[in-house]
1. For the stretch 20-37, take each phi angle, set θ = phi - 60°, evaluate the Karplus expression 6.51 cos²θ - 1.76 cosθ + 1.60, and give the result in whole Hz per residue in order, putting x for glycine and proline.
2. Determine, for each peptide in 76-84, 17-25, the mean count of other beta carbons within 10 angstrom over its residues, then list the peptides with the highest first.
3. Quick one: net charge of His51's neighbours, Cβ under 13 Å, K/R +1, D/E -1?
4. Using DSSP H assignments, which helices in the chain have an axial alpha-carbon span of 27 Å or above and a mean Kyte-Doolittle hydropathy of 0.0 or higher?
5. Sorted by packing (mean other beta-carbon atoms within 10 Å per residue), highest first, where do 93-103, 131-141 land?
6. Suppose only helical runs count, i.e. DSSP H with n ≥ 4. What mean residue ellipticity at 222 nm does that imply for the chain under -39500 (n - 2.57) per run, divided by all residues and rounded to the nearest 500 deg cm²/dmol?
7. Roughly speaking, what is the centre-to-centre gap between the stretch 134-185 and the stretch 4-50 when only Cα atoms are used, to the nearest Å?
8. Starting with the highest mean, order 116-125, 42-51 by the number of other Cβ atoms within 10 Å, averaged over the residues of each peptide.
Amino acid sequence: MWEYKQTIPKRFLGSTRARAHQFWVLQPSGHLWESIRTRGGALERIPPSAHCWLRDGEHGTQILVPMSEYPAICRGIMALGGVTWNGHRPTKYLALYQAYEGLEPRPQRDLAALRHALAHGPGVLTNPRTVERLGSLFGSVEIDLGDAEQQRMFWVLYADVLIGLDEALRSQIVRSLGEFQLPRH
């Protein structure tokens, strides 16, 4: 089975918390579902919904989350689903962070600082707290993903945003789980 840990290069995985984290949101879709196949085999139209499994001990519960009612949860599920695809590392981080920020009212400062550094040029980063955090993490406001130590720090923060989004989604989903059950036909 695919795991989030596979999106982190093996040489950096040991430096991250992802190695030991048990993820709760499993097999997330990177797109919205608009129909499902019923037990009888027919296709049934549904409101556009994000799909995933929520870990439940040894098993999982399959859920659909309607976008019209829970847009932040849907964006979070789809952002997690998007990390399975190859792509530009900073773009993947930005998508994960944006979904995380939509669910977490007080994002971790280190994660926010990296988001600013990836989204803006070094010359426009003027917030003293952001500049201080980036200096502490990367030695400068300019990030060089060609540098091994800066790559390591990027992957540590990437794993932290994956974990933060997983935990925020779990909390939100558990609160409303009854509303996300699959139709029984």
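Any read-out appearing in this document is the output of simple, stated calculations on the displayed coordinates, not a laboratory observation. Worth saying up front: this structure is predicted, and the values here are computed from it rather than measured. Here Cβ is always computed from backbone atoms with ideal geometry, including for glycine, and neighbour counts include all displayed protein chains.
1. 9, 6, 9, 6, 9, 8, 10, 6, x, 7, x, 9, 8, 8, 10, 7, 9, 8
2. Numbers: 76-84: 22.7, 17-25: 15.2.
Final packing ranking: 76-84, 17-25.
3. Details: positive: Arg37; negative: Glu34.
Combined, the nearby Lys, Arg, Asp and Glu give 0.
4. Working: long enough: 148-175 (41 Å, 0.20).
Those that pass (Cα extent of 27 Å or more, hydropathy at least 0.0) are 148-175.
5. Working: 93-103: 21.1, 131-141: 16.6.
Highest-to-lowest ranking by the protection proxy: 93-103, 131-141.
6. On the way: 6 runs with 81 residues, N = 185.
Per the formula, -14000 deg cm²/dmol.
7. The distance from the Cα centre of the stretch 134-185 to that of the stretch 4-50 comes to 14 Å.
8. Working: 116-125: 13.9, 42-51: 15.4.
Highest mean packing first, the order is 42-51, 116-125.
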